[in-house]
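Some notes on the structure that comes next.
What follows is calculated from the coordinates using simple rules that are stated; it is not laboratory data. On a predicted model such as this, the values are computed, not experimentally measured, just so you know. Glycine gets a Cβ as well: all are built from the backbone with ideal geometry, and neighbour counts include every protein chain shown.
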Amino acid sequence: MKVWTPSHPSRPAVTHLALTAVQRLTGLEPFPQPPVIPLRLPVVLMHGFGLLAVIRRKGHLHDTAMHLRAHGVRAYAPNVAPYETIATRAAMWAERIRHVLAETGAPQVHLVAHSMGGLDARYLISRLDFHPYVASLTTIATPHRGTAIADVVLQQPERLRDWAAEIVDWLGANALADGTSNVRQAVHELTPAYVEGTFNPNTPDHPDVRYASYGGQAGKGTSTPINPFLKPLNVLLYHRQGINDGYVPVSSAQWGTYRGTLEADHLRQIGIQMGSGGSFDAGAFFASLVRHLAAEGG
């Protein structure tokens, strides 16, 4: 007896192109989550001078901290007074870091500091005896030998300086609940004469802390585009201190183990992009930096 079986029309061969289209449509991957970075200690991101928090409402480096948390890193980006002296900011950082240590139960932290934050961190470690709580310090575009931009600011007409300082100090003092401001002295402490003549001799590195640094370059003398708002400062600084990122010359950013020069201006380094051009990925850079810390046993 013949058994009937349904017939099937022949199926057209599924092309590689069709499979690719389906995969793109569904978006499914075996492991779609960001890979975990196995860093043992928390990371504290330290911001620099100024109120870039106006652009980033929760602070300069908040988005970066959240990006690192997506990778399993206990990352923090506290805020301190934006226009204060190094000593005042360092004392505020000490309070913030104590909070991180208490919350995480960790014995130490890694400090990753952008711009003036690196000077704050060095003062914190050396002058406030915070070295037992710091495993490493990595600075990004920190003016370890000062920046001539500070000299230019201080050379402006006195009436203009006083008017600007009054406004900036009001903003700085009211930016935080515990905020104060002293922009005149803060700018003075970024001059090459002060950093090289006073700060560096009195702020030695501690042998128990690992120090590393990155510089940044863009604009004049490079093939990297620069934020249009930074271009005048970039050109001025180029003629005084060479290749720079709009605020800090590469020669001034080198401290400890120098890990390289970022193809990014001072703002792009922390993910603030204004204007076209440039392909620097700040999130990928910070993740790579933290992977390096993990590889060192952090």
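Points worth noting:
- The chain: projected area of the alpha-carbon convex hull, averaged over directions, in nm²: 23.1
- Among beta bridges identified by DSSP and lying wholly in the chain, the antiparallel ones come to about 5 percent.
- Per-peptide average of other Cβ atoms within 10 Å, ordering 161-170, 183-192, 209-218, 261-270 highest first: 261-270, 209-218, 183-192, 161-170
- Ellipticity at 222 nm from helices only: DSSP H runs of n ≥ 4 in the chain, each -39500 (n - 2.57), divided by the residue count, give -11000 deg cm²/dmol.
- With a Förster radius of 45 Å applied to the C-beta separation of TRP163 and HIS292, the computed FRET efficiency comes to 0.50.
- Treating r as the C-beta distance of ALA193 and VAL36 and R0 as 45 Å, the FRET efficiency rounds to 0.45.
- Cβ-defined net charge surrounding GLY242, 12 Å radius [Lys, Arg +1; Asp, Glu -1]: +2
- For the peptides 151-158, 66-73, the ranking by mean Cβ contacts within 10 Å, running from highest to lowest, is 66-73, 151-158.
- Pairwise FRET efficiency - GLN23 versus MET66, Cβ, R0 = 25 Å, nearest 0.05: 0.30
- 0 to 90° range, to nearest 10: angle between helix 282-295 axis and the chain longest Cα axis: 90
- Radius ratio Rg over Rh of region 204-291, counting only Cα atoms, Kirkwood formula for Rh: 1.01
- As a ratio to 2.2 N^0.38 Å, the alpha-carbon radius of gyration for region 254-298 is 1.32.
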